[in-house]
Amino acid sequence: MTTPLIGVSNSILKIKELISHVANTCLNVLITGETGVGKEVIAQSLYSESIRSSENFVKINCAALPETLLESELYGFEKGAFTGAHKKRPGKFQTADKGVLFLDEIGDMPLSLQSKMLHVLQSGEFSPLGSDQDFKTDVWVIAATNHNLEKSIAQKMFREDLFYRLNIIKIHIPPLRERKEDISPLIEYYHRLYQSEYPNSNGSKPDSDTLAKLCQYEWPGNVRQLQNCIKKQMVLDSWAKIFDELPKEQESIPQLPEGDQQNNVPLSATNEFATNEFATNQTTIISEFVDLSTSSEKLFEDISLKKIKKLASDRVEKEVITFVLEKVGWNRSRAAKILKISYKTLLYKMNEFKVHPPVK
Amino acid sequence: MAGTCRLLIVDDNEDILSTFYEFFNSMNYEVKTAIDGFVALKVLRDKSNSFDCLITDLVMPNISGVGLISIVKKEYPHLKIIAMTGYGDQPGALASEAEADVVLFKPIDLFKIENTVSELMNLKTDKQK
Ligand SMILES: Nc1ncnc2c1ncn2[C@@H]1O[C@H](COP(=O)(O)OP(=O)(O)O)[C@@H](O)[C@H]1O
């Protein structure tokens, strides 16, 4: 099932209109925007509105694979093309034929592969590794990146000619914090979706105060982060906890551009929420595990993620074990069952954390 | 002769756009303008409009000039196309590949463009004879 493109902001409405006008042109598209803004959703929408929707939508993440693997994934290989190539294998260009090839994170593609990509886009032909045959390819290329490619070009990290060839249609998706009016419909949509997926979950939707706070937050992880919060809410049913767990920004929130302000940000939310309170919150948590009052040299010696992880998890484990033991009247075998650990492990942990039944 | 020629001019620079508008208007062309490729496409698809010639910049947001040219070539093949570019060779080369009739490099003398337009229009009327 493809995700519908949810949103009521001007930017999303304009993108929807653009999609409907260009979906059947099959011209190369470049989608830009931060991670989690919905670049893949846009690519899917283009595909499903096009005449190619009955063919394949093939995705490849250019950042996730090492160079040689990426190359063989894209173009395929013949049997014996390299050590380990026991069997011939078609590449994405072949599986995507007549359909869509979605090149995610194109900005991370190594330069050497960029030249080959340019050649394929120019000629419409490619040859699998270890083959001397050229194959015609008819793919609609949709590329996406969170990089500023103009900058990458200046730094000689991205080929200018490839950029212009991809950038025939350009779709930029602004970060969620710049289109806050989309937050509410997104919550509505995903709340309903998760409710239907997990009928037993009972997380409530945010009330207007909570919604105001949600709109005030920066959403560095954009829609994906919001989605995760809603998922968590279905389990925890506590927006307060969700807020506590949000990564906190230390800098103050940059002012919104003028025109954006009127119709979205509810006034009841204050900036404090995102700044001071969070910064102190952060140092409070850290200071529970390391001594922040020492010099930074000494401090950096003390900070070891492994060590802190152990300390933090020990503390939570101790609390949970005590909590469960109290609930079951210190019946240790029942507690072990509830905690899903062995009886022996429980005894060991009780000893380690010095958890003792109250003396009567 | 030029009086009957209907022009669509596309550039994301408003100053250039209004200069072009004034100029071609004063030369008795019928002129419409668009601030980017997407607006231009909507103007073209509006049935109440029809054009003889498209003059377009190449590097623009949403639908680039190259994209616009490709679409126009397919959907409105009778339209003559002049591409203008100020960004090195790449976009110009792509515009030629997309079969723009003429590619000009900025800065461009307005009279020179007007000349190019009327030449293209003459070619067209010659062919129609
Ligand atoms: N406008 C939107 N409507 C519905 N879901 C969205 C929207 N934007 C993003 N999402 C969801 O958020 C998540 C991240 O989107 P994705 O397209 O993977 O982002 P990107 O490719 O930009 O990193 C996905 O699960 C996607 O379904």
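Every number in this text was worked out from the coordinates using simple rules, so none of it is lab data. If you're wondering where the values come from, they're calculated on a predicted model, not measured in any experiment. Using ideal geometry, Cβ is built from the backbone for each residue, glycine included, and neighbour counts are taken over all protein chains shown.
Below are the figures for this structure:
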| quantity | calculated |
| --- | --- |
| Of the criteria (1) more than 14 Å from every other protein chain (Cβ to nearest Cβ); (2) surrounded by fewer than 18 Cβ atoms within 10 Å (Cβ to Cβ); (3) more than 19 Å from A:SER45 (Cα to Cα), which one A:GLU150 fails | (1) |
| B:LEU79 being closer than 24 Å to B:ASN122 by Cα and within 14 Å of chain A (Cβ to nearest Cβ) | no |
| Residue in the stretch B:21-29 that is in contact with a strand residue (DSSP E or B) (Cβ under 6 Å, 6 or more places away or on another chain) and within 14 Å of chain A (Cβ to nearest Cβ) present | no |
| Any chance A:LEU186 is out of contact with any strand residue (DSSP E or B) (no Cβ under 9 Å at 6 or more places or on another chain), closer than 19 Å to A:ALA43 by Cβ, more than 14 Å from every other protein chain (Cβ to nearest Cβ) and within 16 Å of the ligand (Cβ to nearest atom) | yes |
| Of all residues in the stretch A:3-12 being part of a loop (DSSP other than H, G, I, E, B) and more than 9 Å from the ligand (Cβ to nearest atom), the one that is surrounded by the fewest Cβ atoms within 10 Å (Cβ to Cβ) | A:VAL8 |
| Single residue of the stretch A:153-172 satisfying the filter (aliphatic (A, V, I, L, M) and in contact (Cβ under 8 Å) with a residue 40 or more places away in the chain) that is farthest from the other protein chains (Cβ to nearest Cβ) | A:MET157 |
| Meets criteria (within 13 Å of chain A (Cβ to nearest Cβ) and either buried (at least 24 other Cβ atoms within 10 Å of the Cβ) or closer than 15 Å to B:ASP11 by Cβ (or both)) for B:MET84 | no |
| Residue match in the stretch B:101-112 (condition: surrounded by fewer than 15 Cβ atoms within 10 Å (Cβ to Cβ) and within 14 Å of another protein chain (Cβ to nearest Cβ)) | no |
| Boolean, A:LEU162 is within 30 Å of B:PRO61 (Cβ to Cβ), more than 22 Å from the chain's Cα centre (by Cα) and surrounded by 19 or more Cβ atoms within 10 Å (Cβ to Cβ) | yes |
| Contacts under 6 angstrom Cβ, first residue in the stretch A:186-209 being under 19 Å from A:GLN225 (Cα atoms), partner within 16 Å of the ligand (Cβ to nearest atom) and in a loop (DSSP other than H, G, I, E, B), 6 or more apart | A:LEU186/A:ILE6; A:TYR189/A:ILE6 |
| Qualifying residue in the stretch A:155-176 (condition: part of a helix (DSSP H, G or I) and either of a type in the set (S, T, N, Q) or within 12 Å of the ligand (Cβ to nearest atom) (or both)) | yes |
| Residues of the stretch A:13-44 classified as farther than 21 Å from A:GLU150 by Cβ, within 14 Å of another protein chain (Cβ to nearest Cβ) and surrounded by fewer than 22 Cβ atoms within 10 Å (Cβ to Cβ), total | 11 |
| Complete set of residues in the stretch B:39-69 that are buried (at least 24 other Cβ atoms within 10 Å of the Cβ) and at the interface with chain A (Cβ under 10 Å from one of its Cβ atoms) | B:LEU58, B:MET60, B:ILE63, B:SER64, B:GLY65, B:VAL66, B:GLY67, B:LEU68, B:ILE69 |
